[in-house]
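The values are calculated or read from the model by the stated rules, or taken from the named source; none is laboratory data. What you see is a predicted model; the values in this text were computed from it and never measured. No Cβ is skipped: glycine too gets one built from the backbone with ideal geometry, and neighbour counts run over all protein chains shown. Calculation scope for accessible area: heavy atoms of the full protein, side chains included, ligands and nucleic acids excluded. Shrake-Rupley method; radii C 1.70, N 1.55, O 1.52, S 1.80 Å.
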Amino acid sequence: MLLEVKNLHTSIEGNEILKGINLKVNAGEVHAIMGPNGSGKSTFAQVLAGREDYNVTAGEVIYKGKNLLELKAEDRAREGIFLAFQYPVEIPGVSNVNLLKTAVNEIRKYYGEEELDAIEFLSLIKDKMKIVELDESFLKRSVNEGFSGGEKKRNEIFQMAVLNPKLAILDETDSGLDIDALKIVANGVNKLRSKDNATIIVTHYQRLLDYIIPDFVHVLYNGKIVKSGGKELAFELEKKGYDWLKNGSPKAIAG
Amino acid sequence: MEKIREFKEWFVKHFDDFEKNLNGEKTPEVHKLRKDALSKFKELSFPSLKDEEWKYTNISPLLKYNFSPVSSGKKVSSELIKKFLFDKMEHNFIVFINGRFSQENSKLLALPKGVIAGSISDAIKEKNPLIEKHFGKYANLSDQIFTALSTAFTKDGAFIYVPEGKVIEEPVHIIFLTSNGNKKIITQPRNLFIAGKNSRVTIIEHYVTENKGVYFTNTVTEIVAEENAVVNHIKLQEESIEAFHIARMEVDQERDSNFTSVLFSNGGNISRNDFNTHFNDEGGECKLNGLFLLDDNQLFDAHTLIDHAKPNCSSHEHYRGILDDNARGVFNGKVLVRPDAQKTNAFQQNNNILLSNNASVDTKPQLEIFADDVKCSHGATIGQLDNDAKFYLNSRGIGDEAAKAILLHAFASDVIKSVKINSVRNYIEEILSKRFNQDDL
Ligand SMILES: Nc1ncnc2c1ncn2[C@@H]1O[C@H](COP(=O)(O)OP(=O)(O)OP(=O)(O)O)[C@@H](O)[C@H]1O
Ligand SMILES: [Mg+2]
């Protein structure tokens, strides 16, 4: 098993946000997590990526047989976890190419490998840019600064392509995209899928799942996964919304 | 108190010796300035925290030392000088060692006809009429004890004159090297730069040291930008961490002149930069940018004044500071818009990043506006490293050290970008990299 989340509870500033999440992810699988606004999807994604503002108050997370919660964010990334942010951060003054070059070399250093020289690095990234159809001029621009919503999301997938993660967590990478951009992003994700890696897709919309077919769909509601199913669950949610889950007795749903 | 009196009396007593050693520099005009300045120096007292302009900068650590001047010139190896050249490349540079011009260490490539770049001591000896016209005319002495000290002991410094219509493409790089062999010395470079009508020049004042340790640089620079002149000024202060650096810069801007300055400082024990520009006629433009990097117990103080005395001028000021450990920063930027100065545009900004809980900045951007049809804005921020950005970088596998270095570079880049010469920009970038890759910053 690649990832196992057991009874994960987290809080921030005394508010409990995740209230006992259980999830198992195997290599080769795609999991979709859906749920209403504020249910804790991004919190879950960020906790997995190692954001320290959240306190884990109970539970554990095992990743590749290791206690993930003990690792710092950078080490999680080096071990193959990648988070595509719902709101990618703008960093004025830092170019995309500088970020990627530093990231790639920091990861290589972690594995005791030589740094890539400029030529090797450029050929790597040029290759990966094609996947998300980004223009080369984009490399020199500051990270996410002044990017359109679609460009930001494509940039996340581009970084993912370069870093080649084992476990990718895509937090609403589809939100705000027009249909062309959506196809580019979905296509990028599909190209990177393999039997060795896994993807967790957080989304509000079934539409993305037309392009990236999930093996499992989970509903996160009020800090808990209240229902899990196959891809048909996404259609049901799209049709009925979440109210039928809210109104039902939590016990019945969980069972 | 006792120490302060001693400090002062030492200079007063020493003046006779100094005077005896003057040769051709003792022209009546300049020597009168010296003597007047000496009386002023006797009369004024050293500033204390009670003085509004020195409220956050306690100079008593400076006054407890006895500094001695270096009377004779010195030559150093060209290898040493090379360390301070940009991209290690040779370009126009003039070198002052312990405040004295060193012809042997300087190198001037072909300059346009009529251009002077050299020692002010020579200009005084030669009775250059520009000295009488400009020297001491901008850096007034009222309430300025350090300028009075500088003027009283006027001996050497850089003199640059670009005649009307001349353009110098290559920057003129002035290296002020302190090579004190651990003696506590004082050097007082006294500089005068004159850019004639329609001329263009880039001048770099570069303060460097061969040794660590305590010494005192007290420098005064007067800059005149005549009508429609374009003057780029860069000051790099790379002194010893224990050095005291007190600098006064006065800029006179005539009609339609354009003055741009970037001040880069690595700090010292105490550094104080008073940077004042005056629009003496309409249509001028002035940009003051600054970047200071401090750690340990360093104190850096930038006091700037942009005097909009005439209409239709614009000024843009942006200072940034990065402070670690117990370092302290002071930014006091005054923009004065006088009643006549309609259609003034003035923008002023100071941003600081504190890397430790013990670092602090006192920032005071001040607008004093006495005209009604003007556009002015100012602001200041003091913050920490952006946590969201840091997490974003961490989440890409970038460790804390590297993430910090990247973000600080980015913060500094707004100011560094304003240095238009690639090789100088790279030189500053390199200083930054070295500094940020140290464990303690
Ligand atoms: N830094 C924070 N401080 C306080 N509360 C927070 C913080 N971050 C998240 N929360 C709260 O935690 C809850 C879950 O937020 P989260 O962003 O995880 O929801 P989400 O499911 O991703 O929502 P959306 O669909 O809108 O993206 C919300 O009530 C939110 O207000
Ligand atoms: Mg979210």
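Anything in the stretch B:358-409 that is open to solvent by 60 Å² or more (accessible area, probe 1.4 Å) and either within 14 Å of chain A (Cβ to nearest Cβ) or within 27 Å of B:Asn326 (Cβ to Cβ) (or both)? List them, or say none.
Correct list: B:Asn358, B:Lys364, B:Thr381, B:Ile382, B:Gln384, B:Asp386, B:Asn387, B:Asp388, B:Glu401.
Being open to solvent by less than 40 Å² (accessible area, probe 1.4 Å), away from ligand 1 (no atom under 14 Å from the Cβ) and within 13 Å of A:Leu220 (Cβ to Cβ), is that true of even one residue in the stretch A:8-29? Spell out the reasoning first.
Going residue by residue through the stretch A:8-29, those that are open to solvent by less than 40 Å² (accessible area, probe 1.4 Å) are A:8-11, A:18, A:20-21, A:23, A:25, A:28-29.
Checking which are away from ligand 1 (no atom under 14 Å from the Cβ) leaves us with A:20, A:23, A:25, A:28-29.
Filter once more, so that each one left must be within 13 Å of A:Leu220 (Cβ to Cβ): A:20, A:23.
Checked against the condition, which is being open to solvent by less than 40 Å² (accessible area, probe 1.4 Å), away from ligand 1 (no atom under 14 Å from the Cβ) and within 13 Å of A:Leu220 (Cβ to Cβ), the stretch A:8-29 yields at least one hit.
From the list A:Ser137, A:Ser175, A:Ser148, pick out the single residue that is free of Cβ contacts under 8 Å to residues at least 24 places away in the same chain and closer than 16 Å to A:Phe85 by Cα. If you could, list the steps in order and put the result at the bottom.
Working: A:Ser137 fails: closer than 16 Å to A:Phe85 by Cα; A:Ser175 fails: free of Cβ contacts under 8 Å to residues at least 24 places away in the same chain.
Sole residue among the options that is free of Cβ contacts under 8 Å to residues at least 24 places away in the same chain and closer than 16 Å to A:Phe85 by Cα: A:Ser148.
For A:Glu106, indicate whether it is more than 16 Å from ligand 1 (Cβ to nearest atom) and part of a strand (DSSP E or B). Don't jump to the end; show me each part of the working.
Numbers: more than 16 Å from ligand 1 (Cβ to nearest atom): yes; part of a strand (DSSP E or B): no.
The answer is no for A:Glu106.
Can you pull out every residue in the stretch A:24-81 that is within 14 Å of chain B (Cβ to nearest Cβ), within 27 Å of A:Arg108 (Cα to Cα) and part of a helix (DSSP H, G or I)?
Keep residues of the stretch A:24-81 that are within 14 Å of chain B (Cβ to nearest Cβ), which gives A:42-43, A:45-54, A:68, A:71-81.
Going one step further and asking which of them are within 27 Å of A:Arg108 (Cα to Cα), we end up with A:45-52, A:68, A:71-81.
A:Ala45, A:Gln46, A:Val47, A:Leu48, A:Ala49, A:Leu68, A:Ala73, A:Glu74, A:Asp75, A:Arg76, A:Ala77, A:Arg78 - these are the residues of the stretch A:24-81 that are within 14 Å of chain B (Cβ to nearest Cβ), within 27 Å of A:Arg108 (Cα to Cα) and part of a helix (DSSP H, G or I).
Please go through the stretch A:30-42 and pick out each residue that is touching a helix residue (DSSP H, G or I) at 6+ places or on another chain (Cβ under 9 Å) and open to solvent by 10 Å² or more (accessible area, probe 1.4 Å). Break it down into steps so the answer makes sense when it comes.
So the first thing to find is which residues in the stretch A:30-42 are touching a helix residue (DSSP H, G or I) at 6+ places or on another chain (Cβ under 9 Å), and the list is A:30, A:32-36.
A:Pro36, the sole residue that qualifies.
Please work out which one of (1) away from chain A (no Cβ under 13 Å); (2) closer than 30 Å to A:Ile107 by Cα; (3) in contact with a helix residue (DSSP H, G or I) (Cβ under 6 Å, 6 or more places away or on another chain) is the condition B:Val424 fails and give its number.
It is condition (2) that B:Val424 fails.
Out of the residues in the stretch B:15-40 that are among the acidic types (Asp, Glu) and open to solvent by 20 Å² or more (accessible area, probe 1.4 Å), which is nearest to the chain's Cα centre (by Cα)? Steps first, please.
Of all residues in the stretch B:15-40, those among the acidic types (Asp, Glu) come to B:16-17, B:19, B:25, B:29, B:36.
Subset that is open to solvent by 20 Å² or more (accessible area, probe 1.4 Å): B:16-17, B:19, B:29, B:36.
On the way: B:Asp16: 29, B:Asp17: 29, B:Glu19: 27, B:Glu29: 26, B:Asp36: 25 Å.
Checked the stretch B:15-40; the qualifying residue nearest to the chain's Cα centre (by Cα) is B:Asp36.
Per-residue answers, yes or no, for (1) at pLDDT below 90; (2) not acidic (Asp, Glu):
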residue: B:Lys40; (1), (2): no, yes
residue: B:Lys75; (1), (2): yes, yes
residue: B:Ile81; (1), (2): no, yes
residue: B:Phe86; (1), (2): yes, yes
residue: B:Ile97; (1), (2): no, yes
residue: B:Glu104; (1), (2): no, no
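Please enumerate the residues belonging to the stretch A:83-92 that are within 8 Å of chain B (Cβ to nearest Cβ), buried (at least 20 other Cβ atoms within 10 Å of the Cβ) and not in a loop (DSSP other than H, G, I, E, B).
Within the stretch A:83-92, A:Leu83, A:Ile91 qualify.
Return the residue satisfying two criteria in turn: it lies in the stretch A:30-46 and is among the β-branched types (Val, Ile, Thr) and more than 17 Å from A:Pro165 (Cα to Cα), and of such residues it is nearest to ligand 1 (Cβ to nearest atom). Talk me through it step by step, then tell me what you get.
We begin by selecting, within the stretch A:30-46, every residue among the β-branched types (Val, Ile, Thr); these are A:30, A:33, A:43.
From the residues that got through so far, the ones that are more than 17 Å from A:Pro165 (Cα to Cα) too are A:33, A:43.
Numbers: A:Ile33: 9, A:Thr43: 3 Å.
Step by step, filter the stretch A:30-46, then rank; the result is A:Thr43.
Anything in the stretch A:143-175 that is more than 16 Å from ligand 1 (Cβ to nearest atom), surrounded by fewer than 22 Cβ atoms within 10 Å (Cβ to Cβ) and more than 14 Å from chain B (Cβ to nearest Cβ)? List them, or say none.
Result: A:Gly146, A:Ser148, A:Gly150, A:Glu151.
Would you call A:Glu106 on the phi < 0 side of the Ramachandran plot, within 12 Å of chain B (Cβ to nearest Cβ) and free of Cβ contacts under 8 Å to residues at least 40 places away in the same chain? Walk me through how you get there before you give the answer.
Details: on the phi < 0 side of the Ramachandran plot: yes; within 12 Å of chain B (Cβ to nearest Cβ): yes; free of Cβ contacts under 8 Å to residues at least 40 places away in the same chain: yes.
So A:Glu106 fits the description; yes.
Is it true that some residue in the stretch B:413-428 is outside the structural domain of B:Phe259 (by TED's automatic domain parsing), β-branched (Val, Ile, Thr) and either over 26 Å from the mean Cα position of the chain (by Cα) or part of a strand (DSSP E or B) (or both)?
From the stretch B:413-428, those outside the structural domain of B:Phe259 (by TED's automatic domain parsing) are B:413-428; that's our starting set.
Within this subset, residues satisfying the condition of being β-branched (Val, Ile, Thr) are B:415-416, B:419, B:421, B:424, B:428.
Those left that are additionally either over 26 Å from the mean Cα position of the chain (by Cα) or part of a strand (DSSP E or B) (or both): none.
No, there is no match, as no residue in the stretch B:413-428 is outside the structural domain of B:Phe259 (by TED's automatic domain parsing), β-branched (Val, Ile, Thr) and either over 26 Å from the mean Cα position of the chain (by Cα) or part of a strand (DSSP E or B) (or both).
Just wondering, is there one or more residues in the stretch A:43-64 that are on the phi > 0 side of the Ramachandran plot and loosely packed, with under 14 Cβ neighbours inside 10 Å? Spell out the reasoning first.
Residues of the stretch A:43-64 on the phi > 0 side of the Ramachandran plot: A:50, A:59, A:64.
Still in the running and loosely packed, with under 14 Cβ neighbours inside 10 Å: none.
Scanning the stretch A:43-64, I find no residue that is on the phi > 0 side of the Ramachandran plot and loosely packed, with under 14 Cβ neighbours inside 10 Å, so the answer is no.
Looking only at the stretch A:188-208, how many residues end up being within 16 Å of ligand 1 (Cβ to nearest atom) and under 13 Å from A:Asp174 (Cβ atoms)? Working first, answer last.
Within the stretch A:188-208, the first condition is being within 16 Å of ligand 1 (Cβ to nearest atom), and the residues that meet it are A:200-208.
Filter once more, keeping what is under 13 Å from A:Asp174 (Cβ atoms): A:201-208.
Going through the stretch A:188-208 one residue at a time, the tally reaches 8.
Counting only residues that are assigned to a strand (DSSP E or B) and crowded, with 24+ Cβ neighbours inside 10 Å, how many does the stretch B:195-204 have?
So in the stretch B:195-204, the residues assigned to a strand (DSSP E or B) come out as B:195, B:200-204.
Subsequent filtering for residues that are crowded, with 24+ Cβ neighbours inside 10 Å retains B:195, B:201, B:203.
Qualifying residue count, the stretch B:195-204: 3.
For the stretch A:49-99, name all the residues that are within 13 Å of the chain's Cα centre (by Cα) and over 22 Å from B:Ala402 (Cβ atoms).
Correct list: A:Gln86, A:Tyr87.
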